[in-house]
Each structure stands twice: as C-alpha cells, then as structure tokens.
1. Need the C-alpha centroid separation for segment 213-269 versus segment 47-125, integer Å.
2. Listed highest first by mean packing, meaning other Cβ atoms within 10 Å per residue, what order do 14-22, 60-68 come in?
3. Picking from HIS101, ILE4, LEU77, whose Cα lies most toward the positive end of the charge dipole for the chain (charges on Cβ: Lys, Arg +1; Asp, Glu -1)?
4. Using a ≥ b ≥ c from the Cα gyration tensor of segment 141-186 (square roots of the eigenvalues), is it rounded, prolate or oblate, where a/c under 1.5 gives rounded and otherwise the larger of a/b and b/c decides, a/b for prolate?
5. What is the percent carbon and sulfur in the accessible area of segment 223-276, measuring with a 1.4 Å probe over the protein chains and ignoring ligands?
6. Using Cα-Cα distances under 8 Å and only pairs 6 or more residues apart, what relative contact order does the chain have, in percent?
7. How much area per residue is accessible in segment 131-220 when the probe is 1.4 Å and only protein heavy atoms are counted (Å²)?
8. Using the Cα gyration tensor of segment 36-101, with a ≥ b ≥ c the square roots of its eigenvalues, what is the shape: rounded (a/c below 1.5), prolate (a/b larger than b/c) or oblate (neither)?
Amino acid sequence: MTLIDGKALADKMAIALKDKVDALKAKGVTPGLVVVLVGENPASQVYVRNKERRALTAGFKSEIIRLSEETSEKDLLALIDQLNQDSQWHGILVQLPLPAHISEEKVLLAIDPEKDVDGFHPTNMGLLWSGSPVMMPSTPAGIMVMLDEYGVDIAGKTALVIGRSNIVGKPMAQMLLDRHATVTIAHSRTKNLAEVAKQADILVVAIGMGNFVTADFVKPGAVVIDVGMNRDENGKLIGDVKFDEVEPIASLITPVPGGVGPMTITMLMEQTYETAKRTLGK
Ligand code: NAP
C-alpha cells in the first residue's frame, strides 16, 4: 500500500504556482480572486479565510466581501453583476451555503461562466460533460491530478464513484470517463453496494458518512480515494472510508486529513491562474 500524500503534492504545486504567477505579473496581469460571503456561518468563515490566504500566498490580488445575513437576493445579484464587469477579478467565488431567502441556483447562474472558478455554472458543467472542459469543480479536478501524479493507469479500468452531487460525484465520473475508465455512479438507492464496489479498480467515495466503506467494499489492489470530511464522536476529522481496515488491501489510498482536502484549494488557485492567463492578449 502507498499513501497518496495530497498535502505534499499541494505544497509542491503551490511553489510552482508562485513562479507561474510571477511570470504572468511580469507580463502585466495579476490574477485576482474575489470571495463573497453572506452571513456568519463559522465553517464558511474558515473556508473563505483559507482561500484568501492561499490566494495571497500565490501572489494573487484577493479580497473577501462580507455581507450581512439580511442581504437581499437582489443586492447580491447586483454585486455579482458588478464583479462580472470588473476586470481586476478573474475568479468570483460565492461561498455556499447561502441564507435560505437567497436562491443558490440564481446566484450561481449570475456568475459570468468565464469567472466561475468553482466550475458550478451550468455552462461549465455542460462543457465538462461534452468533453471540452474549461472550468472544473476543484475537488474532482484535484483527484485527477493526484491519480496522474501517482501513475495510476486509468484507461480501461473499472471505476466506481459513490455519491452523485454536482460538486463531486457527477463531475468526478465524467473526468474518469473522459480518461477512458469504465465508470459507474452509485448513490443511496444502489443495491448491493459492497458487491458493486468490490468490482472497482478505482473507488472514489464522496458520501459524507464517516467510516462507511469497510474492507468488504474493496477489491484487493484497488486505488481508493476518500473525499469524505466528517467528525467522529470526539470531534476528530475522519473520511468516508474506514482507513485502518482498507489501507492494507488498497494499492493506493488517500488519508483524511491530508489527502483530497488540500488539493481542492490548490486546484481553485490553479484555475484562477489559468483564467487570468487567458486574458493575456485579449
Ligand atoms: P452530498 O451533496 O451530500 O452528496 C452525498 C451523496 O452520497 C449523494 O449522492 C447520496 O446519494 C450519496 N449517499 C448518501 N448516503 C449513501 C449511502 N448510504 N450509500 C451510497 N450513497 C450514499 O455530498 P458532497 O457535497 O458530494 O460531499 C460528500 C462528502 O465529501 C462530504 O463529507 C463532504 O464534506 C466531502 N467533501 C470534501 C471535499 C474536500 O475538499 N475534501 C470537497 C467537497 C465535499 P443520493 O443522491 O441518493 O442522496
């Protein structure tokens, strides 16, 4: 078994990114990432601070726009429109979840697809599914980079993605399909899940249930990617995969923490950089 060290890879990519950003700045373009946070959700506060810190470390211009919980949908949409027009911002992120009185769908639709560095806009989803991705959701994009970094041969392999969310499961399945894996997507209605999972050479788990995937789900020698981020009864961060049981069977496995998580923000930064680079010569 080999551990896929997402933290080490993210650190390595952060150093390379800084150099790429310096070169772009020398050509007159500074990547800009603006993050909009509505309300006081404590987890969201941590996420947006991390994103801003990573952006500044990479040499980007970055700003968090904090709005009160009472902000109206109309005002938020007007702000997004203004950010869409503002050429200093190459990436616009609206931190989810939004307060209940604001439609997430409307807000995500309002972001200019060319600045949608989360890759959640239907235009970007469609481009991904039609095989011409421009902006991709960061979590599955980071997983693809990890698989490549560790030399996983994807073409012709059997892959199972457990979970069908728009931000992880579905785009993950498409990215694996695009690389010629034979892909199945499982979810809460899948029958005999352990049996289905046991066929997979590559098993990606994105459910949100701590320690759900046990040894009897895993084919010996499989590559196991654990997207889950859950708290156990002691508040410790754990994945969806029961690591101690699965680790001896897998050929490669991501730990939690230190696996998929660090690569997610890395890919967000890479995508913002790429977006800024595309404006060169425009
Ligand atoms: P989500 O939107 O809640 O989707 C969960 C998916 O899991 C759904 O498709 C659901 O099926 C499926 N599911 C639930 N219970 C199941 C069961 N017993 N058997 C099979 N499938 C089951 O979650 P998400 O946003 O994709 O996130 C999944 C996990 O990844 C969470 O722990 C989240 O915190 C974590 N995450 C981590 C990162 C990172 O950077 N590391 C990024 C994003 C998410 P149905 O569709 O049938 O309901």
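1. 29
2. Put in order of decreasing packing, that is 60-68, 14-22.
3. Result: ILE4, furthest along the dipole toward the positive end.
4. oblate
5. Its accessible area is 53 percent carbon and sulfur atoms.
6. For the chain, the relative contact order is 21 percent.
7. Dividing the accessible area of segment 131-220 by its residue count gives 45 Å².
8. Oblate.
The values are calculated or read from the model by the stated rules, or taken from the named source; none is laboratory data. Being a predicted model, the structure only gives us computed values, none of them experimental. Here Cβ is always computed from backbone atoms with ideal geometry, including for glycine, and neighbour counts include all displayed protein chains. Just the protein is used for accessible areas: all its heavy atoms, side chains included, with ligands, DNA and RNA removed. Shrake-Rupley method; radii C 1.70, N 1.55, O 1.52, S 1.80 Å.
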